[in-house]
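First up is the structure itself, then whatever we jot down about it.
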Amino acid sequence: MIPLVSIIITVYNKSEYLKEAIDSALNVNYENIEIIIIDDGSTDSSLNILNNYRENKQIRIILNETNRGIVFARNKAINQAKGKFIIQLDADDTIHSEFIRKATPYFDDNDIGIVYGDTYFFGGKNGHFDLGEYSLKKQLSTNQIVITALFKRTDFLKTNGYDNLFSIGYEDWDFWLSIIGLNKKVVQLNIPSLNYRFIYDSRNNSISKENLFKIRNNIFKKHF
């Protein structure tokens, strides 16, 4: 039987992009998916868009009454997921239709913990997002793995999920290192996986030098 993959879409006030993200998930060329959309207390028209998908049996919608932050939202959605595999998608991005189908067979090797592919910018700028050839040495100094990567839900549970210590940013960097810390390997595929919408004032692009220093310090304390 083809294993179930849970696509997690987190949204907070991204109504202008949300439909495009959801539709890209629905167009994934993989036979066994569930799509969990968690709205983290949006105050824009995101709920109106989500209402258009309530009758779709592939989609489950979770609503937080207030904004609890990305760490809380990701953990809540993944804990409620039913899939053997998890892949996440931010509400302003889109996923490539073939990535999941091509990535899942790599997990036949039990040592594999993360599989990710190539990322391409759109929106504020266009082109290939070159994060370099993966190595553990590089991953310890900077995050090379985008959020839209495939991993096992059981590995998520072993790491205790996303850490509130990184609520100010780069929670995915810490999470990937936690999976790697389970003695899991990373596979980087030379195939498209993610279209990343470049927004100049996005959370990670506008992070302060002070917070970036705190993040790097926390990474060092936790993983070295």
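The values are calculated or read from the model by the stated rules, or taken from the named source; none is laboratory data. Model, not experiment: these values are computed from the prediction. All Cβ positions, even for glycine, are placed from backbone atoms using ideal geometry, and neighbour counts span all protein chains on display. SASA here: full protein model, heavy atoms, side chains in, ligands and nucleic acids out. Shrake-Rupley method; radii C 1.70, N 1.55, O 1.52, S 1.80 Å.
Brief remarks on what is shown
- Checking each residue of region 205-212 against the condition of being modelled with pLDDT under 95, in a helix (DSSP H, G or I) and of a type in the set (A, V, I, L, M, F, W, C) gives at least one match.
- Region 13-58, residues that are closer than 26 Å to Lys84 by Cα, in contact (Cβ under 8 Å) with a residue 24 or more places away in the chain, open to solvent by 20 Å² or more (accessible area, probe 1.4 Å) and not in a helix (DSSP H, G or I): Asn27, Asn29, Tyr30, Glu31, Asn32, Glu34, Tyr53, Asn56, Gln58
- Single residue of Phe99, Phe107 found to be touching a residue at least 40 places away in the same chain (Cβ under 8 Å) and crowded, with 20+ Cβ neighbours inside 10 Å: Phe99
- Residue match in region 87-104 (condition: among the acidic types (Asp, Glu), closer than 21 Å to Tyr196 by Cβ, under 13 Å from the mean Cα position of the chain (by Cα) and not in a loop (DSSP other than H, G, I, E, B)): yes
- Output for region 153-171, where each listed residue is part of a loop (DSSP other than H, G, I, E, B), over 27 Å from Glu98 (Cα atoms) and without any contact (Cβ under 8 Å) to a residue 60 or more places away in the chain: Asn160, Ile168, Gly169
- Criterion violated by Leu157 - all others in (1) buried (at least 17 other Cβ atoms within 10 Å of the Cβ); (2) at pLDDT 95 or above; (3) farther than 17 Å from Ala91 by Cα satisfied: (1)
- Looking across region 134-152 at every residue that is assigned to a loop (DSSP other than H, G, I, E, B) and open to solvent by less than 20 Å² (accessible area, probe 1.4 Å), the one that is farthest from Lys82 (Cα to Cα) is identified as Gln144.
- Within region 76-96, being closer than 14 Å to Ile2 by Cα and open to solvent by 10 Å² or more (accessible area, probe 1.4 Å) holds for Lys82, Lys84.
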